[in-house]
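The values are calculated or read from the model by the stated rules, or taken from the named source; none is laboratory data. All of these numbers come straight from a predicted model, not from anything done at the bench. Heads up, the Cβs are rebuilt from the backbone with ideal geometry, glycines too, and the neighbour counts pull from every protein chain shown.
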Amino acid sequence: MTNAPKKIRTLEEMAKCADYSFVNELTPDPKAKSDGIDHKPRQVFSGHYVPVKPIPIPDPKYVIHSKRLFEELGLDDSLATSKPFIKMFSGDSSELPKPMRREGWATGYALSIYGREYYLQCPFGTGNGYGDGRAISIFEGVCRGKRWEMQLKGAGKTPYARGADGKAVLRSSIREFLAQELMHALGVPTTRSLTLYRSMTESVLRPWFSEASRSYDPDVLIREPTAITTRVASSFLRVGQLELFGRRARKEEHPNAKKELKEIVRYAIKREYSDEIDSSLPFNEQILLFATLFKKRLTSLVANWIRVGYTQGNFNSDNCAVGGFTLDYGPFGFIEIFKPDYQPWTGGGAHFSFLNQPNAAERNFKMFCKSLRPLLEDDADTLAKLQKIEDSFPMAMQKAMVDMWSAKLGWKRLNVDIFNELMKLMMETGVDYTIFFRELSSLPKDLTKIRESFYDDIDGELAKRWEEWLQKWRKSLEISTEEDEQALSQKLKKINPKYILREWMLVPAYKQAELGDYSLIYELEELILNPYDELSKEMEEKYYKKRAKELFDVAGISHVSCSS
């Protein structure tokens, strides 16, 4: 007999896990409506959140749930298709059992892009209208000893909707659901996917790309079914949130501005760093530890993104989680052909491109530190220490990158000359990033298998340089026996994934899903849950391959808009 803990099988049992620390310990918008019917854009001048009642999608139908996350939460899989659970996670909170809350909450945050503060982009030109436009948290609780927050994406407008309809569509919801669970399986800290439900009767118009379009910007309006996906995390606290309260305190926008900043910083430390920061320490010391630990998590996160070929696409401070994990799967993409300036999002720009992500992280960390300074303005010594922590970010980021590249190439220390030559060869040749490093993980003695990652045939001088590079690289590895070689190969195959999500895989999956056929989603789920594994020959032939040449520069595959 096993002593496995009993799983939660009803919403009433799940309700016993509820513990809403965010709304109980922080301050609501004083102008919020008591019933949560607050769906029109307006300025929010103070408070940490706005109570908002989700708007359900009509006629919801189950698409998929994360069995792995259900297991971690202690939820029985049968819950995902039960009527009360479907109602809750498709936006209908009208019959939730107590102590579950029937109003969710949305939060405001500031906008800074690559370290530059913006105000005029909010509908009111003040910075008081920017925040969760269609993300509404509906549950916080402790499941199996760990605190989780659950957030609906696509459950209608909030005061921060900025003129949009607050809905999400099936296409983008499928992308987000699969991407989050893939990143978790890759070992990269991330928000998670709980459920995905779609409406069978409601659809909305979205700008998108016509079939086989090569347009850089959306060129048609298409009608798409609405959907709600639930993302789960330890919290959804963002650098942009701290930044909003830091700005208000710095500019003394209202009498409680500094108090609200202190409250949310104290809460963020408690929520995300309580295992590492002693709450009995003086608050100024806690702030310094907060900055030090966040720096460590953020540099590690971005190095991991590059390890697996992930590009955030829009790494603003509001898409940078204080907990140091991946947040926001709208304009993301996984690199295929290696280009340092790869950017999947048409609105992103080079500042958020693949190999510029460490610099973008540095800008976000500067905004993070700037947000904390109003709390230390009377303590010159602590301010100076915070400045040193901020100044140390580039070196810490560089170390994380060097360690990552060393591990990815099987070295204990980075061989700079061999690494630099590799980067040149990859750019000159046109190499599939994932396939190249996976084939390299087998420690090949010649170029035969590596050539399979090249988008064009090579010969002559370029082929010679590749052969010379391969032999230099093999010689640089610390292996002396066949056992050493096998052990290193196995280690590298746990660092360099075999499978990632490529847009040409996703397009047929969401097109079939719109017609009610979810089989390709379930097939991709098998792939993304086992990204380092050798799967069946059929799966390998179908998904372990380069993008077809006719799909280059095709909109919706080579590049995407943020339409969702």
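If I filter region 481-499 for residues that are among the hydroxyl-bearing types (S, T, Y) and outside the structural domain of G430 (by TED's automatic domain parsing), do I get at least one hit?
Of region 481-499, the ones among the hydroxyl-bearing types (S, T, Y) are 481, 489, 499.
Going one step further and asking which of them are outside the structural domain of G430 (by TED's automatic domain parsing), we end up with 499.
Yes, region 481-499 has at least one match.
If I filter region 325-347 for residues that are modelled with pLDDT of 95 or more, surrounded by 20 or more Cβ atoms within 10 Å (Cβ to Cβ), within 18 Å of A400 (Cα to Cα) and under 21 Å from the mean Cα position of the chain (by Cα), do I get at least one hit?
The answer is yes; a qualifying residue exists.
Whether any residue in region 351-369 is in a loop (DSSP other than H, G, I, E, B) and in contact with a Ser or Thr (Cβ under 8 Å, 6 or more places away or on another chain) is what I want to check. Don't jump to the end; show me each part of the working.
Looking only at region 351-369, we keep the residues that are in a loop (DSSP other than H, G, I, E, B), and these are 353.
Filter again for in contact with a Ser or Thr (Cβ under 8 Å, 6 or more places away or on another chain), leaving 353.
So far as region 351-369 goes, yes, one or more of its residues are in a loop (DSSP other than H, G, I, E, B) and in contact with a Ser or Thr (Cβ under 8 Å, 6 or more places away or on another chain).
Taking region 211-265 as the search range and keeping residues that are touching a helix residue (DSSP H, G or I) at 6+ places or on another chain (Cβ under 6 Å) and among the β-branched types (V, I, T), which one is nearest to E117 (Cα to Cα)?
Top of the filtered list is V239.
Would you pick out the residues in region 399-417 that are farther than 17 Å from L355 by Cα, in contact with a Ser or Thr (Cβ under 6 Å, 6 or more places away or on another chain) and in contact (Cβ under 8 Å) with a residue 40 or more places away in the chain?
N415
Suppose we filter region 350-365 for residues that are touching a strand residue (DSSP E or B) at 6+ places or on another chain (Cβ under 9 Å) and more than 12 Å from Q312 (Cα to Cα); how many remain?
3
I'd like the full set of residues that are part of a loop (DSSP other than H, G, I, E, B) and either surrounded by 13 or more Cβ atoms within 10 Å (Cβ to Cβ) or touching a residue at least 24 places away in the same chain (Cβ under 8 Å) (or both), limited to region 211-242.
So the first thing to find is which residues in region 211-242 are part of a loop (DSSP other than H, G, I, E, B), and the list is 211-219, 234-237.
Of everything in region 211-242, those that are part of a loop (DSSP other than H, G, I, E, B) and either surrounded by 13 or more Cβ atoms within 10 Å (Cβ to Cβ) or touching a residue at least 24 places away in the same chain (Cβ under 8 Å) (or both) turn out to be A212, S213, R214, S215, Y216, D217, P218, D219, S234, S235, F236, L237.
Could you check, for region 529-538, whether at least one of its residues is closer than 22 Å to V204 by Cβ and touching a Pro at 6+ places or on another chain (Cβ under 9 Å)? Break it down into steps so the answer makes sense when it comes.
Quick first cut of region 529-538, residues closer than 22 Å to V204 by Cβ only: none.
So far as region 529-538 goes, no, none of its residues is closer than 22 Å to V204 by Cβ and touching a Pro at 6+ places or on another chain (Cβ under 9 Å).
Going by the structure shown, is G125 part of a loop (DSSP other than H, G, I, E, B) and more than 30 Å from R9 (Cβ to Cβ)? Let's see the steps before the verdict.
On the way: part of a loop (DSSP other than H, G, I, E, B): yes; more than 30 Å from R9 (Cβ to Cβ): yes.
The answer is yes for G125.
Can you pull out every residue in region 141-159 that is under 14 Å from I57 (Cβ atoms), among the charged types (D, E, K, R) and in contact with a strand residue (DSSP E or B) (Cβ under 7 Å, 6 or more places away or on another chain)?
Pass one, region 141-159, residues under 14 Å from I57 (Cβ atoms): 152-157.
Narrowing further to those that are among the charged types (D, E, K, R): 153, 157.
Matches in region 141-159: K153 only.
When the residues of region 547-557 are filtered to those that are surrounded by 18 or more Cβ atoms within 10 Å (Cβ to Cβ) and out of contact with any strand residue (DSSP E or B) (no Cβ under 9 Å at 6 or more places or on another chain), which remaining residue is farthest from K511 (Cα to Cα)? Working first, answer last.
Going residue by residue through region 547-557, those that are surrounded by 18 or more Cβ atoms within 10 Å (Cβ to Cβ) are 547, 554-557.
Of the ones still in play, those that are also out of contact with any strand residue (DSSP E or B) (no Cβ under 9 Å at 6 or more places or on another chain) are 554, 557.
Numbers: V554: 16, I557: 13 Å.
Filtering first and then ranking leaves V554.
From A513, A463, A487, which residue is touching a helix residue (DSSP H, G or I) at 6+ places or on another chain (Cβ under 8 Å) and among the small types (G, A, S)? Give the steps one after another, and end with the answer.
On the way: A463 fails: touching a helix residue (DSSP H, G or I) at 6+ places or on another chain (Cβ under 8 Å); A487 fails: touching a helix residue (DSSP H, G or I) at 6+ places or on another chain (Cβ under 8 Å).
Answer to the check: A513.
Kindly indicate whether K98 is buried (at least 21 other Cβ atoms within 10 Å of the Cβ), in contact (Cβ under 8 Å) with a residue 12 or more places away in the chain and within 20 Å of G36 (Cα to Cα). Before you say what the answer is, go through the steps one by one.
Details: buried (at least 21 other Cβ atoms within 10 Å of the Cβ): no; in contact (Cβ under 8 Å) with a residue 12 or more places away in the chain: yes; within 20 Å of G36 (Cα to Cα): yes.
No; evaluated as a whole, the condition is false for this residue.
Working only within region 423-469, note down all residues that are more than 24 Å from E541 (Cβ to Cβ), among the basic types (K, R) and touching a residue at least 40 places away in the same chain (Cβ under 8 Å).
R465, the sole residue that qualifies.
Across region 155-210, what is the number of residues that are of a type outside the set (F, W, Y), touching a Ser or Thr at 6+ places or on another chain (Cβ under 8 Å) and outside any strand (DSSP E or B)?
14
Among I37, I57, which is hydrophobic (A, V, I, L, M, F, W, C), surrounded by fewer than 16 Cβ atoms within 10 Å (Cβ to Cβ) and assigned to a loop (DSSP other than H, G, I, E, B)? Don't jump to the end; show me each part of the working.
Details: I57 fails: surrounded by fewer than 16 Cβ atoms within 10 Å (Cβ to Cβ).
Residue meeting the stated conditions: I37.
Condition (residue is in contact with a helix residue (DSSP H, G or I) (Cβ under 6 Å, 6 or more places away or on another chain), surrounded by 20 or more Cβ atoms within 10 Å (Cβ to Cβ), of a type outside the set (A, V, I, L, M, F, W, C) and more than 26 Å from Y114 (Cα to Cα)) applied to region 425-439: is it met by at least one residue?
Looking for residues that are in contact with a helix residue (DSSP H, G or I) (Cβ under 6 Å, 6 or more places away or on another chain), surrounded by 20 or more Cβ atoms within 10 Å (Cβ to Cβ), of a type outside the set (A, V, I, L, M, F, W, C) and more than 26 Å from Y114 (Cα to Cα), one finds at least one in region 425-439, hence yes.
Sort out which residues of region 370-380 are assigned to a helix (DSSP H, G or I) and either more than 29 Å from the chain's Cα centre (by Cα) or not basic (K, R) (or both), and write them in order of number.
Step one: list which residues in region 370-380 are assigned to a helix (DSSP H, G or I), which gives 370-376, 380.
Selection gives S371, L372, P374, L375, L376, A380.
Which condition does G104 not pass, out of (1) free of Cβ contacts under 8 Å to residues at least 40 places away in the same chain; (2) more than 16 Å from G246 (Cα to Cα), if it passes all the others?
For G104, the exception is condition (1).
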